[in-house]
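Trainee: What follows is a single structure, and I will ask about it in a moment.
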Amino acid sequence: MSLVKSDPNPGPAPAGTLTAGSVLSVLSIPLAIVALMVLGSFVSPSFLTARNLVNILNAYSAVGLAAIGSTFVAVCGGLADLSIPANVAMGALVALGAQTLVGPVAAALLGILVASLGGLVNGVLIGYVRINPIIVTLGSGFLLLGLSQLLVGGGIVYSEPSAFGSFVAGNLLGVPVAVWTFFVVALILHIVLSRTPFGRWNFAVGGNYEASAASAVPVRFTRAAAFVLTGLLSGMCGVLIALSIGQARPIIGAGYEFVAISAVVLGGTSLFGGRGSILRTVGGVIILALISNLIVLIGLPTPSTGLATGTIILLVVAVDAYLRRRTGAE
Amino acid sequence: MMRLNIGTIGNVVVRYRLLVMLAAVAVFGGWTLDDFLTLTTLQSILDRAAVVGFLALGLTPILIAGQIDLSIGSIMSLAAYATIALQPDLGNVPAAFIGLGVGILAGVVNALAVVVFKVTSLVATLATLLIGASLALLISNGQPASSADPLFGLFLTDNFLAILTPRSVLFIGAALLMFVWLKGTPSGRNLYAVGSSMPAAISAGINVNGYIAGVFVLSGFCAGAAGVIQALSSATGSPIAGSVLLIPAITAVVIGGTRLEGGRGSSLATLGGVVALGALTTLSEYNGVPSYTQAVYTGLILILLITLDRIAGGDEGKTTRTLRSAAVAKQTQQGGTS
C-alpha cells in the first residue's frame, strides 16, 4: 500500500521556513492549552490550582512516554504502534512479578527489557520483512496481551514495599517522579530526533523511503529502531504506573495506543511520515490531559474521552490529508 | 527424483494451509478426544463460525480492494446492543432491522472518511473503531441489555439437517452469494482490478471511489448482521460483543489466503478460513485450554501467515500477477536444474 510515498518534499521537516501557516501551527498548541485552561477555570474553581494541574500531568506522564515513542514511529512512516497496551502490561507485570526474585530495581529493568523485546519483534517484522505496521502490531498486541493474561491467569500482581517503589511513586522537589521522567525523556529524545543522524534518518525514511534507501540511509534499521524504542518506552510507562499504584493487571494500558496516536496527531506530527517533533507531542499530551480532566470536571461519563479522542484523530488526519493534497497539487 | 527440502515443504504448507490446518485439527482432535470426530462437533463448529464469519465475509471485499476495516468489531457491538435494547420500544423484528441499519450507517461513515475526506482506511477505521466502541459504552452505560423475549432468537441455533443451524445456513449462503458476485459478475471482477492496481483501474474507466465506498458499506452491513445474529441467538445485547472479534476475523480471512496487499482473495476461502479457525477454537475448548491461550495462538497464526505471505510475495509495489508469474518462472527454472 502506498501510504508513505506521497510526500513531494522529502528530507527533514522544513522547520526553518517561516510562512503564515507555520507561525500559526507553532502557536496553535500553546494557544489551545491556554484556551483549555481558561475554559477549565470557568467550569470549576478547583481547576486552576497547582495541585490539580500537577495531578493532570501526573496522570498523563506515563502514557506520554508511549506517545514520545509513537512520534518516532509516525515520523519514520511507520503509522502507529497498536501493541502499546500489551507492552505496557508486560512491563508492568514483569516489574512487579519479578520483584521477589531479583529485587525491585532489576525487576523494573527486566520489565522494560521484556517490553523492548516485544518492540523488537514488531521492528523486525515491520522494518525488515516490511509488513504493514498496523496489522503487525494489532496481531502482536493481541498475542502479547493473551500471553500476559496467561502469565497471571487474569489476576492482579501486587508490588512489594521497597525504597525504590516509594521513590518512583513519590515526589522530587514537589513534582511527581513520573512527571520528571516524562519531561527528561522528552527532552533527551527531542534532541535525538532533531539533532542526531538517527533523528534525521527518521525524517528521511518517512519523507521518501526509496530515495533514502538510495542515499544509503539504513531504512530498515531506522524503522525497526522506532518500534523498539516505542516498546521500551511502553515498558517504562507500565513500570511507572505499576509502581505508582502498587499493582498491575493485563488491562493496565488499555486504550493507551489511542491516547498516544491522538497526542501525536494533535501535536501536528503527520501519521504519514516525514515531519513532526517531540515537543509538539508533549503539547499534544498536555492538551489531551486537560481535555480528559475537563470531561471529568463537567461530569460527563468516562467513555466520552474515547469519543473525543477518536473524533480528534479523524478530524486532524482529514485536515492533514487535505493540506497534503493541496500542497501536492501546487 | 524430486528432493524435498524445507523450503518446498514450507511452500506447500503455506499454499495448502487450510487443508493442513483442518487435517491437523482432525487428527489431533481424534487422537485426544473420543467423541471429537462426530457430526455434532461439525455442527457446533459451523454454528459458532457464523458470527465471526459475517465479520470475515465483510472484510474479504475490503481486502480485495486493497483497503482495511478495523472498525467491524465496534460496529458489531453497536448493532448487537441496538438489536436488543430497542426490542421493547419497536418490537423484535424492527429492532433487528435497526441493528442492520446501524451497521450500514457506520459503513457509510467509513466510506465518507476514506473516499470523500481521503483519510487512509487504516487510520480512518482505527478512529471509527475507537468512536464506535466509546459510543456503545456511552449509550449502554457499560451494561449489557437483556432481551425481554429471550425465546425469539433461539431458533437461530436450532438443529437443521444434522450438521447445520439456521445461522450457519445464513453465513454459508452469504459466502456463496458473495462468491458468485466476486467471480461471476463484471462488478466483482472490477473489484479485483481496483485492488491490484488502482491507477490501472482508473485508466480502465472503473469508478474506483464508488467501489471503495461500496465495500465499506457492505462491510458495515456484514458487521451489523454479525451483531444482530450474535445478539438474537444469545438474547443479550453486549456493548463489547465485537471488541475481541476483530483479530479472529482478520486471521480467518488471512488463513483463507486473501492477501492484505489487495487484488486477491475469495469468499469461499474466507469460509474455509473461518471454519478452520473455528475448528481450532472448538478443539481447544473441548480440551479445556483457557481462552487467553486462544488469543496467543490466534495472534501467532496471524503474524506467521502474513510474514510467510510477505516473504513469498516479495517486494512492495509489484502487482501480484507479475510476482506470481515470476515465482512460477523461478520454480520451473529450479525444477529444470535440479
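No value in this document is a laboratory result; all are computed from the given coordinates. Values in this document were obtained by computation on a predicted structure and should not be read as measured data. Methodologically, a virtual Cβ is constructed for each residue, glycine included, from the backbone with ideal geometry; neighbour enumeration extends over all protein chains shown.
Trainee: Please list, ordered by chain and number, the residues whose modelled amide H lies under 5 Å from the amide H of B:R264; skip anything fewer than 5 residues away on the same chain.
Mentor: B:R259
Trainee: When chain B is modelled as a GNM with alpha-carbon springs shorter than 10 Å, which of B:G278, B:G91, B:G288 fluctuates the most?
Mentor: Its mean-square fluctuation being the largest, the pick is B:G288.
Trainee: Using the alpha carbon gyration tensor of the stretch A:247-330, what are the three equivalent-ellipsoid semi-axes (square root of 5 times each eigenvalue), largest first, in whole Å?
Mentor: Numbers: eigenvalues 146, 44, 27 Å².
In descending order the semi-axes read 27, 15, 12 Å.
Trainee: Still on this structure, I have one more. Hey, can you grab everything whose amide H is under 5 Å from the amide H of A:G273? Only 5+ residues off in sequence or another chain; H modelled, so Pro and N-termini drop out.
Mentor: Counting only residues 5 or more places away or on other chains, the set is A:G77.
Trainee: Which value in nm describes the separation of the simple spin-label points at B:I9 and A:S162, placed 7 Å from the Cα toward the beta carbon?
Mentor: 4.5 nm
Trainee: Further question: With springs connecting C-alpha atoms under 10 Å apart, model chain B as a Gaussian network and identify which of B:L137, B:L154, B:L164 has the largest mean-square fluctuation.
Mentor: Sorting by GNM fluctuation, first place goes to B:L154.
Trainee: While we're here: So what J values fall out for the stretch B:171-186 if you push phi through Karplus, 6.51 cos²θ - 1.76 cosθ + 1.60 with θ = phi - 60°, rounded to Hz, Gly and Pro as x?
Mentor: My calculation for the stretch B:171-186 gives 5, 5, x, 5, 5, 5, 4, 5, 4, 4, 4, 5, 9, x, 10, x Hz in order.
Trainee: Something else about it: Report the one residue of A:V43, A:N171, A:G207 whose Cα lies farthest in the direction of the positive end of the charge dipole of chain A (charges on C-beta: Lys and Arg +1, Asp and Glu -1; origin at the Cα centre).
Mentor: A:G207
Trainee: Give me the dipole magnitude in Debye, nearest 20, for chain B about the Cα centre, with unit charges on the beta carbon: positive for Lys and Arg, negative for Asp and Glu.
Mentor: Details: 15 positive and 12 negative charges, 262 e Å.
Using only the charged Cβ atoms, the result is roughly 1260 debye.
Trainee: Hey, got the dipole for the protein assembly as shown? About the Cα centre, +1 on K and R Cβ, -1 on D and E Cβ, debye to the nearest 20? Don't skip to the end; give the middle numbers.
Mentor: On the way: 28 positive and 19 negative charges, 343 e Å.
Dipole about the Cα centre, nearest 20: 1640 debye.
Trainee: Rg to Rh ratio, chain A, alpha-carbon atoms and Kirkwood radius? Could you put the intermediate results ahead of the total?
Mentor: Working: Rg = 19.5 Å, Rh = 20.1 Å.
For chain A, the value is 0.97.
Trainee: Report the residue, chosen from B:G210, B:G220, B:G263, that carries the largest GNM mean-square fluctuation when chain B is represented by alpha-carbon nodes joined by springs under 10 Å.
Mentor: B:G210
Trainee: So, one more: Would you list the membrane-span-like helices of chain A, meaning whole DSSP H runs whose alpha-carbon atoms span at least 18 Å along their axis and whose mean Kyte-Doolittle value is at least -1.0? Write out the running numbers ahead of the final one.
Mentor: Values: long enough: A:20-43 (33 Å, 2.23); A:50-75 (34 Å, 1.21); A:84-97 (19 Å, 1.69); A:104-123 (28 Å, 1.79); A:133-152 (28 Å, 1.91); A:177-195 (26 Å, 2.13); A:219-245 (39 Å, 1.65); A:278-298 (30 Å, 2.39); A:303-329 (39 Å, 0.71).
Span-like helices in chain A: A:20-43, A:50-75, A:84-97, A:104-123, A:133-152, A:177-195, A:219-245, A:278-298, A:303-329.
Trainee: Debye calculation, C-alpha points only, no solvent: report log10 I(q)/I(0) for the protein assembly as shown at q = 0.09, 0.10 Å⁻¹, in the same order as the q values.
Mentor: Calculated log10 I(q)/I(0) at the listed q: -0.78, -0.98.
Trainee: Okay, moving on. Tell me the mean residue ellipticity at 222 nm calculated for chain B from its helices only (DSSP H runs of n ≥ 4, each -39500 (n - 2.57), averaged over every residue, nearest 500). Please list the in-between numbers first.
Mentor: Details: 15 runs with 245 residues, N = 338.
Result for chain B: -24000 deg cm²/dmol, rounded to the nearest 500.
Trainee: Please list, in order along the stretch B:47-59, the HN-Hα scalar couplings obtained from phi with the Karplus expression 6.51 cos²θ - 1.76 cosθ + 1.60 (θ = phi - 60°), rounded to whole Hz, x for Gly and Pro.
Mentor: 4, 6, 5, 4, 5, 5, x, 5, 4, 5, 4, x, 6
Trainee: Starting at the first residue of the stretch B:36-42, write each ³J(HN,Hα) from the Karplus equation 6.51 cos²θ - 1.76 cosθ + 1.60 with θ = phi - 60°, in whole Hz, x for Gly and Pro.
Mentor: So the J values, rounded to whole Hz, are 7, 7, 10, 5, 4, 4, 4.
Trainee: Also: Given the Cα atoms of the stretch B:57-153, and with Rh set as the inverse mean 1/r over their pairs in the Kirkwood sense, what is Rg to Rh to two decimals?
Mentor: Working: Rg = 14.7 Å, Rh = 14.2 Å.
Taking Rg over the Kirkwood Rh, I get 1.03.
Trainee: What is the average number of partner chain Cβ atoms found within 10 Å of a Cβ in B:285-293? Could you put the intermediate results ahead of the total?
Mentor: Working: counts 0, 0, 0, 0, 0, 5, 4, 11, 4.
Average per residue, whole number: 3.
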